[in-house]
Amino acid sequence: MNPKKLNPKLLWMQFEDVLAPRLGLTVFDRAVYSHLLRHSLVVGKLRLQFSVMSVAAKLGLSNGPVRQAVRRLDELGALRLLERSKTGHLVEMRLPQNIRATRLHKNGASMPAGVEAAGDAGEPPASTLESTDFLKTWALRKAIHDRERGACFYCLRRTPANVKCLDHVVPRARFGRNSYRNLVSCCIECNTRKGDRPAPDFLRTLYRQGRLTPAELDTRLRALTDLAAGKLRP
Ligand SMILES: [Zn+2]
């Protein structure tokens, strides 16, 4: 990463005109992304370690919205969460031009003229369901949420918009893909508690804690198998 290569004008335009609207970023997402970028790529660092509490304090927000924004930015590919522990988060930041979802339009067109980074040839649009990256657009992410019909894939509780998120069944750290076979809609609590554990182990924990009945555990385990087999299409 060469900080001299950063063009602030271009970066600002990409952020305001392309990234934020195309990913549907909330004001919290914008504030957190800007803040993290300022302390990483803008000063020539690819990675950044921080605590949610300190970022929240600097932005004048409470911890919850900041934590959610970090999770959402990770889901959207605006950053990559490398580690999450009691001491803090370690993330790798991406510039707007390197965020996959911003590079493609529905018709396959990439960044608008003047905004596109030199040498970025873009990627061909995914032509089949199997090769589709379901984190790429708001509509694709919504398709996964719709498939679960407003219930958490793991604990089956209702998932209002403020607690709903997408979870990689096989975590990205273990090379899980952004495929409809590996993404589920779930509540934030399950997403956080599951962490990097294998999904069947997590379901059995929910069962032991009385959060799932024996019959529900059975259907959830079967749903996991069906998901991986491509039987749960969005
Ligand atoms: Zn849940």
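Table for the structure above
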| read-out | value |
| --- | --- |
| Residue range of the chain that is longest and free of trypsin sites (Lys or Arg not before Pro) which are both DSSP loop and sparsely packed (at most 12 other C-beta within 10 Å) | 1-85 |
| Accessible-area composition of the chain, carbon plus sulfur, in percent [1.4 Å probe] | 55 percent |
| The range 153-220: relative contact order as a whole-number percent, Cα under 8 Å and 6+ apart | 34 percent |
| The chain - accessible surface per residue (Å², probe 1.4 Å) | 53 Å² |
| Cα gyration tensor shape of the range 1-94, rounded if a/c is under 1.5, else prolate or oblate by comparing a/b with b/c | oblate |
| Per-selection Rg to Rh, the chain - Cα, Kirkwood hydrodynamic radius | 0.98 |
| Rounded, prolate or oblate (a/c below 1.5 giving rounded, otherwise prolate when a/b exceeds b/c) for the range 129-179 by Cα gyration tensor | oblate |
| Degrees, to the nearest 10: 214-228 long Cα axis against longest axis of the chain | 40 degrees |
| Relative contact order (%) - the chain, alpha-carbon pairs under 8 angstrom, separation at least six | 14 percent |
| Cross-link pairs 136/164; 58/136; 142/164 - those with Cα-Cα distance over 21 Å | 58/136 |
| Folded to 0 to 90 degrees: helix 63-75 orientation relative to the chain principal axis, Cα | 80 degrees |
| Residue-averaged [θ]222 nm for the chain, counting only DSSP H segments that reach four residues, each worth -39500 (n - 2.57) | -10500 deg cm²/dmol |
| In sequence order, calculated HN-Hα J values of the range 29-40 (Karplus, 6.51, -1.76, 1.60; Hz; x Gly/Pro) | 4, 4, 4, 5, 4, 4, 4, 5, 5, 4, 9, 10 |
| Coordinate range along principal axes, alpha carbons of the range 159-234, Å, largest first | 31, 28, 24 |
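The values are calculated or read from the model by the stated rules, or taken from the named source; none is laboratory data. Nothing here was measured: the structure is a model prediction, and the numbers come from that model. Neighbour counts run over all protein chains shown; Cβ positions are idealised from the backbone, glycine included. SASA here: full protein model, heavy atoms, side chains in, ligands and nucleic acids out. Shrake-Rupley method; radii C 1.70, N 1.55, O 1.52, S 1.80 Å.
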